[in-house]
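Enquirer: Below is a structure I'd like to ask you about.
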Amino acid sequence: MPEVRIIAKNFMDMVASMPTMKLDKLYENGFICEAILRSLPPLAKKYVIQMLQIDVPVAAKLLEEWVLPDGFSKHRVAIDRLVQLRVFLEAVDRIRLQRKKGSAVRITMPEVRIIAKNFMDMVASMPTMKLDKLYENGFICEAILRSLPPLAKKYVIQMLQIDVPVAAKLLEEWVLPDGFSKHRVAIDRLVQLRVFLEAVDRKNEKTYKVNPTYQRSLQKLLVQGGSLPRESMPSNITVRLPTLENLEAYALEQWECFLLQLISPTQVDKPLNISSSLMKVFQRRLLSHRDKEAPKLTESGFQFLDRGVDAAELISFMLELSFHVIGEAYSINTLTDFQRSIINDLADLGLVKLQQGRKGSWFIPTKLATNLSMSLSDSSSRKQGFVVVETNFRVYAYSTSKLHCEILRLFSRVEYQLPNLIVGAITKESLYNAFENGITADQIVTFLQQNAHPRVAERIPSVPENVTDQIRLWEGDLNRVEMTEAYYYDEFPSRDVFEGACDCAREWNGLLWEDSKKMHMVVKTEN
């Protein structure tokens, strides 16, 4: 790029007039990068944020499509400023963001760890209205961003400042041809979580835009930051707090005993004093009763979803707990009425420990609560596995836990049990029984992989492929047809009304089928 002489009118003009080598060296300081970002015009800031995760050149014509026609003059000013400051590097028909090793635009965010996969699947399965309400919480938006695949994170950051739909074909140009499979996974996940809203325009081309509620909350969090609604209590008020070791032992005992009592009550030596309200919730949602049969675990038995309360409030509080410090005491008086109503149930589950003092009562978050926002891929958070699966479908579990034995019984046939060894086999009959109770093949495979014994955990794959493939094939035999509740609409008064209804249904991702000639359409019941 040829040197351009700039007459300094202000401090940033002086920076722009510096020699290329010195300016690049200056950008090795993250604080200077942030100062440059703050000095840019609003539209230029948007371009930097949108292109921050893009490593390939972007066509200038493509950037022009990001603004309305009446904003082209501002677009030209923004691009000129970015090129003058060498934030953007200009080449023939291409513009890309200046990237130096070790340099970055410093954006302050609260420290949030990734939410576990099952928790995110539960969030994705929520009704549209409740999910949008959930996105009013900035912490949840940030946690979901951290939980996304790397490419999906890039898409969110790039489109965070774009308020208009972006064509699907345009998004495909942001990745190399060999990355299309990852692109498809990223888009599917974003649509499932309603971070991206999918629609089809009048030209019958698919478009995506960021969920406005999610967009506003995340923008606010990035600019203003966030803080929890409560602080820990001083040590002179709280006395005799449990040690971290005692707290972890308490949480593990509460949780395992609860699960064992839920799955197989006859195996519990000392039933826990779990509130009847919580047990009713789990028995109604997680267990199915049939005449003259014992209760059986259903699909939601692998997930925590309280159907009797507002799911958005429940998840918000659970996520709040994951940001607290383990072993610190927090006053009960800082909780809302809803949070107070469920804090005892969470204590029964081992997520918190309740204590009473002379000057008030408080709760102490345990490791179970903070692990709600921990990544399944974080090897430091995993416990040592205990399961070995062989190619002949035999299962060996090196464990003394009754809970482990009962979990294995959900999808395998336990043949015999020694003091420290459980031996079983995965059979077609045992898997069909699990599938009938709502447990999926992916959940079974994930359980076996995450709990693989150290001797086999380092193998790739840790569970033999013939076993995982067969588990999924047997599940496929039972799931040949997918049923979706829907409404059928016809007899529209005019074509304009029909097209307007179709556009609305597409915007909410609820259109299943349409016949434009006869003006018929089918829409999901939930929409």
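The values are calculated or read from the model by the stated rules, or taken from the named source; none is laboratory data. In this text the structure is predicted, and so the values were computed from the model without any measurement. So basically every Cβ, Gly included, is an ideal-geometry build from the backbone, and we count neighbours across all protein chains shown. All accessible areas refer to the heavy atoms of the entire protein, side chains included, with ligands and DNA or RNA removed. Shrake-Rupley method; radii C 1.70, N 1.55, O 1.52, S 1.80 Å.
Enquirer: Can you pull out every residue in segment 55-88 that is open to solvent by less than 60 Å² (accessible area, probe 1.4 Å) and part of a helix (DSSP H, G or I)?
Expert: Passing the criteria: 60, 62, 63, 71, 75, 78, 79, 81, 82, 83.
Enquirer: Just a yes or no: is a residue in segment 489-502 under 30 Å from residue 390 (Cα atoms) and open to solvent by less than 20 Å² (accessible area, probe 1.4 Å)?
Expert: So far as segment 489-502 goes, no, none of its residues is under 30 Å from residue 390 (Cα atoms) and open to solvent by less than 20 Å² (accessible area, probe 1.4 Å).
Enquirer: Name the one entry in 74, 117, 46 that is within 30 Å of residue 227 (Cα to Cα), at pLDDT 70 or above and out of contact with any Ser or Thr (no Cβ under 7 Å at 6 or more places or on another chain).
Expert: Result of the check over 74, 117, 46: 46.
Enquirer: Which of the numbered conditions does residue 132 fail, given that it passes all the others? Conditions: (1) under 25 Å from residue 511 (Cβ atoms); (2) among the acidic types (Asp, Glu); (3) open to solvent by 40 Å² or more (accessible area, probe 1.4 Å).
Expert: All conditions pass for residue 132, except number (3).
Enquirer: Considering only residues of segment 199-214 that are more than 17 Å from the chain's Cα centre (by Cα) and not in a loop (DSSP other than H, G, I, E, B), which is surrounded by the fewest Cβ atoms within 10 Å (Cβ to Cβ)?
Expert: Among those residues, the one meeting the criterion is 212.
Enquirer: Next up: Does residue 306 satisfy being over 28 Å from the mean Cα position of the chain (by Cα) and modelled with pLDDT under 70?
Expert: So residue 306 fails the test.
Enquirer: Residues in segment 347-365: is at least one over 26 Å from residue 244 (Cβ atoms), at pLDDT 85 or above and crowded, with 19+ Cβ neighbours inside 10 Å?
Expert: No - not one qualifying residue is present in segment 347-365.
Enquirer: Turning to a different aspect of this structure: For residues in segment 169-198 being surrounded by 15 or more Cβ atoms within 10 Å (Cβ to Cβ) and outside any helix (DSSP H, G or I), which is nearest to the chain's Cα centre (by Cα)?
Expert: 193
Residues checked against (1) in contact (Cβ under 8 Å) with a residue 12 or more places away in the chain; (2) open to solvent by 20 Å² or more (accessible area, probe 1.4 Å); (3) closer than 15 Å to residue 449 by Cα:
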position: 386; (1), (2), (3): yes, no, yes
position: 407; (1), (2), (3): yes, yes, yes
position: 414; (1), (2), (3): no, yes, no
position: 418; (1), (2), (3): no, yes, no
position: 428; (1), (2), (3): yes, yes, no
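Enquirer: Something else now. Enumerate the pairs (first residue in segment 176-203 and within 17 Å of residue 508 (Cβ to Cβ); second residue anywhere and small (Gly, Ala, Ser) and buried (at least 19 other Cβ atoms within 10 Å of the Cβ)) with beta-carbon separation below 7 Å, excluding pairs fewer than 6 apart on the same chain, so at least 6 apart or on different chains.
Expert: As it stands, the answer is 190/152, since those pairs meet every condition given.
Enquirer: I would also like to ask the following. If I ask for residues that are surrounded by fewer than 13 Cβ atoms within 10 Å (Cβ to Cβ) and out of contact with any helix residue (DSSP H, G or I) (no Cβ under 9 Å at 6 or more places or on another chain), which ones from segment 29-54 would you list?
Expert: Passing the criteria: only 31.
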